[in-house]
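Engineer: Dropping a structure here in structure tokens format, bear with me for questions.
The values are calculated or read from the model by the stated rules, or taken from the named source; none is laboratory data. If you're wondering where the values come from, they're calculated on a predicted model, not measured in any experiment. Every residue, glycine among them, receives a Cβ derived from its backbone with ideal geometry; neighbour counts consider all protein chains shown.
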């Protein structure tokens, strides 16, 4: 009887041990059929790295969107990132580099960094990202025969912005659209920043006063602040955003004795595709092309 039980356990364990010891998930490798590459200026070192085009998209996807997002949201981000860098490559063809590796263009994280950050999750995470890139390989957005300026940001305020209200230029495909998904899925749809009264005035370069008096002079169609008067001094929403290190220019300022609370809505400039909106759409069953055509009005999906 003991021998039978031992043999039964052995029969169960042997396949498990074979799988555990010898069958491991392998990292997806890209095969290249062209020499297209991106020249990336690394802002920390000043070095310029030349990276194969689709590898660059992988690094941007890892830097710009949580790997936990739905695959359709990741695919939408891959196409947006590809379109964005193609436009930059057009603009900067005669310059030393195409893009920088920070939020000034697109955040790009290389393989070395990701292996250190993800550790034993590296292969699983990188394969998910590479799948999103491979399934959209070479795809970009076009409007009237030209590559689009595929701006994107983290979280809307319930709607995206018309381009001219943020960047001054009116762009036909960067129109304000309702984006109600953000409120349900984004952890920073609302955020809270607290300052002492003295600290608040110092950061804004204002003289100390016992009372804060504010007046919104100009706002966008969604309520983002373009101009605000604080104790008689006029600031742009962007100036307050930078000086107080807020998440967006949609904010309210409240004083409680010697404490100041600033509540923000949304995260980022608000133009183009909302990343958390894309996640909400993906969770609701939308495909990546539907997400892209919603946030970028009138565009076509093309392939290099």
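Engineer: Can you name the number of the only condition in (1) modelled with pLDDT of 95 or more; (2) in a loop (DSSP other than H, G, I, E, B) that residue 169 fails?
Structural biologist: Among (1) modelled with pLDDT of 95 or more; (2) in a loop (DSSP other than H, G, I, E, B), residue 169 violates only (1).
Engineer: Still on this structure, I have one more. Against the condition in the same structural domain as residue 294 (by TED's automatic domain parsing) and buried (at least 17 other Cβ atoms within 10 Å of the Cβ), how does residue 148 come out, does it pass?
Structural biologist: yes
Engineer: With the checklist (1) in contact with a strand residue (DSSP E or B) (Cβ under 6 Å, 6 or more places away or on another chain); (2) without any contact (Cβ under 8 Å) to a residue 24 or more places away in the chain; (3) closer than 19 Å to residue 164 by Cβ in hand, flag the one item residue 238 doesn't pass.
Structural biologist: The number of the failed condition is (1).
Engineer: Inside the range 229-273, counting only strands (runs of 3 or more DSSP E) that do not spill past its ends, which hold 2 or more residues that are closer than 19 Å to residue 192 by Cβ?
Structural biologist: 251-256, 259-265
Engineer: Given the criteria touching a strand residue (DSSP E or B) at 6+ places or on another chain (Cβ under 8 Å) and either part of a loop (DSSP other than H, G, I, E, B) or not assigned by TED's automatic domain parsing to the domain that holds residue 245 (or both), does residue 215 qualify?
Structural biologist: no
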